[in-house]
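Peer 1: Got a structure for you, written out below as structure tokens; questions coming shortly.
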Amino acid sequence: MVAKSETGADDGARSGGRAAEAYRTARERTYSAYEAARERASDVTRQATDQIAVYPVGAVIGGLAIGALLGFLAPATRRESELLSPTGRKITDAARNAAQRGFDAGKEQFDEIRSRATQRVGEAVVEAVSNGGKD
């Protein structure tokens, strides 16, 4: 238990000293946190710059993707809908047609590969049978 003095001067001085110390401690912690955040931001910026220098195409594609995402999330106005609706349909139709052509081309290649594999397996079976199992 702390003894009180008659004038209270010692208690006031101690309280003021504790408050000053708490202020200094808080200030140091704040400054340390600020410096750490600043260093981290600098490191992240440097790493991003390095990555952009190494992978410039990826950075452009990433930027476009982020822009498209933000554009998608932003609400469309009535005027935008009126102006862009026909263009959106055209783009959607073109993308759908391109995807279908890609699917068809992939299916043709798959069928061709399957046909060649079937033919080679057939040839190997005929060869094995004609040799009578002799190697």
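The values are calculated or read from the model by the stated rules, or taken from the named source; none is laboratory data. Worth saying up front: this structure is predicted, and the values here are computed from it rather than measured. Neighbour counts run over all protein chains shown; Cβ positions are idealised from the backbone, glycine included.
Peer 1: Please determine, by comparing only the residues of the stretch 61-89 that are of a type in the set (Gly, Ala, Ser) and under 25 Å from Gln51 (Cβ atoms), which one is modelled with the lowest pLDDT.
Peer 2: Out of the qualifying residues, it is Gly71.
Peer 1: Residue under question is Ala53, and the condition is that it be among the aliphatic types (A, V, I, L, M) and surrounded by 10 or more Cβ atoms within 10 Å (Cβ to Cβ); does it hold?
Peer 2: For Ala53, the condition - among the aliphatic types (A, V, I, L, M) and surrounded by 10 or more Cβ atoms within 10 Å (Cβ to Cβ) - is not met.
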